Amino acid sequence: MGYVENNLLSGERVLVKAKMHWGVFLPGAVVTIIGFIITIGNGEARGIGNLILAGGVLLLGYEWIVFVTTELAVTSNRVIAKLGVIKRDTLELNLTKVESLQVQQGIFGRLLDFGTVIVRGTGGTPTPIPSISKPLEFRRVALQAIDAGPITRVAAG
């Protein structure tokens, strides 16, 4: 179970969860490939190639941690975002307090269907969550949930 599931309120349900896009691995993969190519070549550049290769592997490890630890969800009551493991940043914003959900996509983001979702709460600072897969779908579900309003609880008795 992830952060979102562990922090649901009574009666609250997850409407949509967003995942990081596989493209977050591209910088590490490029550095690793360059380091590998330099390393297998002949000459004095092997030492530098090994350093670049090691740096690329470390970068891939960091990207993997970011990939598996970033959570973004819309529940029946809130927008929840969690970033990081050791240094954890969270955003939990009631749907009634969401001012806007903005999606930023460049050319590659449009082609590969990823982008940055920026959550703005009333009176708060914008919170960007980068490299989200299918950001327009996430925004659509979130806006539908905001229009529907939070679940109302009826007291028994």
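At a glance:
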read-out	value
Options F138, F108, F114; residue that is among the hydrophobic types (A, V, I, L, M, F, W, C), in contact with a strand residue (DSSP E or B) (Cβ under 9 Å, 6 or more places away or on another chain), exposed (fewer than 15 other Cβ atoms within 10 Å of the Cβ) and modelled with pLDDT of 85 or more	F108
Members of region 86-105 that are surrounded by 11 or more Cβ atoms within 10 Å (Cβ to Cβ) and not in a strand (DSSP E or B)	L95, T96, K97, Q105
Inter-residue pairs, beta-carbon under 9 Å, first polar (S, T, N, Q) and in region 20-33, second in a helix (DSSP H, G or I), 6+ apart	T32/I52; T32/L53; T32/G55; T32/G56; T32/V57; T32/L59; T32/L60
Residue in region 123-145 that is more than 19 Å from H21 (Cβ to Cβ), touching a Leu at 6+ places or on another chain (Cβ under 7 Å) and touching a residue at least 24 places away in the same chain (Cβ under 8 Å) present	yes
Answer from I48, I38 - the residue that is assigned to a helix (DSSP H, G or I), over 17 Å from the mean Cα position of the chain (by Cα) and surrounded by 16 or more Cβ atoms within 10 Å (Cβ to Cβ)	I38
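The values are calculated or read from the model by the stated rules, or taken from the named source; none is laboratory data. These figures come from a predicted structure and were not determined experimentally. Using ideal geometry, Cβ is built from the backbone for each residue, glycine included, and neighbour counts are taken over all protein chains shown.
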